[in-house]
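One structure is given here, and the rest of the page talks about it.
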Amino acid sequence: AKMKGSVVAFPVANPIAVRMWQQDYPSELGRYTGQKTMGLANNLNRHWPGRPDGTLHEQMCHTLWETAIRHSSFHIDLHGWTDNSLGLAWASEANRQALNAFSLPVSSINPPLKKAKYNCLDEACELAGIPWITAELTPQNRIWEKSVRQGVRGVTNVLKHLGVLD
């Protein structure tokens, strides 16, 4: 009742990877061995905005993109980051104030983007003109109270910055 506008949330974009505890399911190994047929090819965040007739990951991206993301007026992408690291967030220069509102201890501004380099969701949003922030919260594969608080505070602060919440 206190919101102005709508918020659409996907608690998990890749339920298969979460269930298997592998970011690059079905093969995490390729990320570390450089095998192009494995690893990052299986990372959902390397296939945006996806294709309706592509691989499983491309179809998942396409469905999320077409049903919600491409229609959004702002996008916040929350990720899990590896153990023993700080949470960090990044955005484009145009989204600096929202990034500051998210308020993680470490943040950075991406350089201007002319074409996708990695086919990540932030790149797809940037190229489609959708304002965005990406945040990596720690640790990956576990729920950590401090990280949950950082994420809730960050999203709440951005919603206040955007005028969705008072």
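Before moving on, here are some points about what is shown:
- Sum of -39500 (n - 2.57) over DSSP H runs of 4+, divided by residues of the chain (222 nm, nearest 500): -9500 deg cm²/dmol
- Amide proton proximity set for Gly80, modelled H, under 5 Å, gap of 5+: Leu137
- Options (i) 50, 47, 33; (ii) 59, 35, 26; (iii) 47, 35, 33 - which one matches Cα extents along the principal axes in Å as calculated here: (iii)
- Amide H within-cut-off set for Trp132, under 5 Å, with H built and near neighbours excluded: His75, Ser92
- Along segment 10-23 the Karplus relation, 6.51 cos²θ - 1.76 cosθ + 1.60 evaluated at θ = phi - 60°, assigns HN-Hα couplings of 10, x, 9, 8, 10, x, 5, 4, 5, 4, 8, 6, 9, 4 Hz to successive residues, with x for each Gly and Pro.
- Within the chain, the longest segment free of exposed loop sites, counting trypsin sites (Lys or Arg not before Pro) that fall outside DSSP classes H, G, I, E and B and have at most 15 other Cβ atoms within 10 Å, spans 37-113.
- Relative contact order [Cα under 8 Å, 6+ residues apart], the chain, whole percent: 23
- Reachable lysines from Lys160, criterion Cα separation under 26 angstrom, eight or more residues apart if same chain: Lys2, Lys4, Lys146
- Euclidean distance of C-alpha centroids, segment 128-163 and segment 65-87, integer Å: 8
Values in this text are rule-based calculations from the coordinates and carry no lab data. Source: prediction; values computed, not measured. Heads up, the Cβs are rebuilt from the backbone with ideal geometry, glycines too, and the neighbour counts pull from every protein chain shown.
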